[in-house]
1. For the range 79-118, how many residues meet the condition of being surrounded by 23 or more Cβ atoms within 10 Å (Cβ to Cβ) and in a strand (DSSP E or B)?
2. Here is a list of conditions, (1) over 22 Å from residue 103 (Cβ atoms); (2) outside any helix (DSSP H, G or I); (3) at pLDDT 95 or above, and residue 168 meets all of them except one; can you say which number that is?
3. For the range 65-78, does any single residue satisfy the condition of being surrounded by fewer than 16 Cβ atoms within 10 Å (Cβ to Cβ), without any contact (Cβ under 8 Å) to a residue 40 or more places away in the chain and closer than 25 Å to residue 179 by Cα?
């Protein structure tokens, strides 16, 4: 009976392994509904442009943990064909610093997809993005200014927790505005007219203060001269 179970497990494992393919450019993948799901990458490109097609099949998903812990990649460009970034897909990549999504079909970045990437500083989201899941960018301490398109309607629990340098551009995105208020994150956007009036008021106030002090000093010196018979 034990031998039979071992044989079944072995055959099942072999069947799973045989279902995976590897492309000439070091992508391990499987075909799902006629499209490519990237399972892993074993290449050595620092600046990685993920292809739209592999072996004539369209790339539509990055699978869970596909690039987890990759210590080679610095920059990633994700093609317009990709619809989903799986859980922890790019998590714990120690030297990853730039992620660019080309505008297209991506709607969801799943849980922890880019968490624990300490050098990640620049992310460009696509206009198709709807959901940024829980912990998606947790502890990306160098993540700087990020624009959030209005398509985003859901930002998950602590999606940007530990991102001390983050500045959220929330001009077009209510979900980002709500998130920034909830977690007290700095935002760069201010209404242009409001900001202009603020600058004018501040400038006027400073000029008035300088003029007032100058007049006071002038009158004080003049009074001293009169007292001293000058």
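The values are calculated or read from the model by the stated rules, or taken from the named source; none is laboratory data. Everything numeric in this text was worked out from a predicted model, so none of it was measured. Note that each Cβ is placed from the backbone with ideal geometry, even for glycine, and that neighbours are counted across all protein chains shown.
1. The total comes to 3.
2. So the condition that residue 168 fails would be (1).
3. No, the range 65-78 contains no residue that is surrounded by fewer than 16 Cβ atoms within 10 Å (Cβ to Cβ), without any contact (Cβ under 8 Å) to a residue 40 or more places away in the chain and closer than 25 Å to residue 179 by Cα.
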